[in-house]
Amino acid sequence: MPRKTTPSHNTEGEEGATARSRSSKVAAEIKLGGPDDLARLALKACLIARDAAFNVSDLLTNSSRMAFLAIKDCEKELDLIERQIDERLPAAITRVNETRARQLLSALKSATDLERIGDLVMSVALRAQSRTSKVPAGDLRQLVEMSSVLRDMLDLIHQGFSTLDLECARKVLHMDQQIDRVCHGFFQKHLAETVAQGDNTGFEVLLMAQALERAGDHTTNLAEDLYSLIEGRSIRHVPKKKAAN
């Protein structure tokens with residue numbers, strides 16, 4: 001079942017209206033909050049990005065129009081949240097102490113990464129939606145695996161920022177290696193294949209895999225920010241394997 005889009009009638013017009021009205025509702029909710037709500041908005045964005053990753057699995061597996069609209073809805077909501085945090089943070093940061101300022105800056109960085117994740121997942125959805133032929137079963141299975149790992153990573157990010165749990169950051173860094181491994185396998189397979197002239201199936205699959213891999217990289221940025229927030233020092237320039245340990 002797709003998340004975030006649940007219209008009562010299966011018509012494209014009503015589905016689109018539902019998506020637009022939900023985005024307007026989110027915008028209204030955001031405007032009602034004060035400076036202290038910025039961190040909560042970033043946490044909300046984690047859940048929205050996780051829903052987008054969930055729905056891309058459904059779209060790839062079932063070619064679900066509802067899942068596509070849900071992803072589109074998520075992408076709009078993430079744009080709204082990132083813009084609102086960016087606009088409101090300068091005023092909010094002048095009224096708090098250093099510790100709270102670090103949390104607000106973390107919220108801004110998180111919202112930026114989550115907005116980019118939404119864009120990348122949307123690019124996968126657009127490619128999947130525009131395809132006229134089915135993705136080969138083996139490629140489909142691996143794309144779904146990547147999107148499922150991404151969803152679990154985002155779930156851990158939400159949990160980690162909610163409870164300031166460093167173990168969540170470590171798990172995310174380990175899981176990103178899994179996404180990288182699958183993406184690397186895609187490139188090895190498709191670049192070694194001989195394809196008929198005009199057949200761009202493999203190229204499209206590579207672009208989808210690359211978008212999911214980049215979404216995973218943005219999620220590791222979130223894990224690194226969580227580590228910095230808890231430990232007070234950065235691991236951004238430490239090699240991935242060493243950081244994960």
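The values are calculated or read from the model by the stated rules, or taken from the named source; none is laboratory data. Please read these numbers as outputs of a predicted model, since none were measured by experiment. A quick note on method: Cβ atoms are made from the backbone with ideal geometry, for glycine too, and the neighbour counts reach across all protein chains shown. Each accessible area value is taken on the protein alone, full model and side chains, heavy atoms only, with ligands, DNA and RNA left out. Shrake-Rupley method; radii C 1.70, N 1.55, O 1.52, S 1.80 Å.
Which residues, counting only those in the stretch 109-130, are surrounded by 21 or more Cβ atoms within 10 Å (Cβ to Cβ) and under 23 Å from residue 93 (Cα atoms)?
110, 111, 113, 114, 115
Do we have any residue at all in the stretch 153-164 that's closer than 16 Å to residue 211 by Cα and touching a residue at least 24 places away in the same chain (Cβ under 8 Å)?
yes
I'd like the residue in the stretch 56-105 that is open to solvent by 10 Å² or more (accessible area, probe 1.4 Å) and of a type in the set (Gly, Ala, Ser) and, out of all such residues, is nearest to residue 230 (Cα to Cα).
101
Kindly list, by first and then second residue, each pair from a residue in the stretch 131-143 that is open to solvent by less than 60 Å² (accessible area, probe 1.4 Å) to a residue that is charged (D, E, K, R), limited to pairs with Cβ atoms under 8 Å and residues at least 6 apart or on different chains.
Note: pairs meeting the criteria are 131/204; 140/134.
Can you find, within the stretch 144-166, the residue that is nearest to residue 182 (Cα to Cα) among those that are open to solvent by less than 10 Å² (accessible area, probe 1.4 Å) and of a type in the set (A, V, I, L, M)?
Per the stated criteria, the residue is 146.
So residue 169 passes all but one of these: (1) free of Cβ contacts under 8 Å to residues at least 40 places away in the same chain; (2) farther than 22 Å from residue 74 by Cβ; (3) surrounded by 22 or more Cβ atoms within 10 Å (Cβ to Cβ). Which condition number does it fail?
Tallying (1) free of Cβ contacts under 8 Å to residues at least 40 places away in the same chain; (2) farther than 22 Å from residue 74 by Cβ; (3) surrounded by 22 or more Cβ atoms within 10 Å (Cβ to Cβ), residue 169 fails exactly one: (1).
Being more than 21 Å from residue 58 (Cβ to Cβ), under 16 Å from the mean Cα position of the chain (by Cα) and in a helix (DSSP H, G or I) is true for just one of 187, 161. Which residue is that?
It is 161.
When the stretch 59-99 is examined, which residues are found to be aliphatic (A, V, I, L, M) and over 19 Å from residue 121 (Cα atoms)?
Across the stretch 59-99, the qualifying residues are 85, 89, 91, 92, 93, 96.
Going residue by residue through the stretch 18-33, is there one that turns out to be in a helix (DSSP H, G or I), open to solvent by 20 Å² or more (accessible area, probe 1.4 Å) and either closer than 30 Å to residue 134 by Cα or modelled with pLDDT of 95 or more (or both)?
Yes, the stretch 18-33 contains a residue that is in a helix (DSSP H, G or I), open to solvent by 20 Å² or more (accessible area, probe 1.4 Å) and either closer than 30 Å to residue 134 by Cα or modelled with pLDDT of 95 or more (or both).
Considering only residues of the stretch 94-111 that are assigned to a helix (DSSP H, G or I) and of a type in the set (S, T, N, Q), which is nearest to the chain's Cα centre (by Cα)?
Per the stated criteria, the residue is 110.
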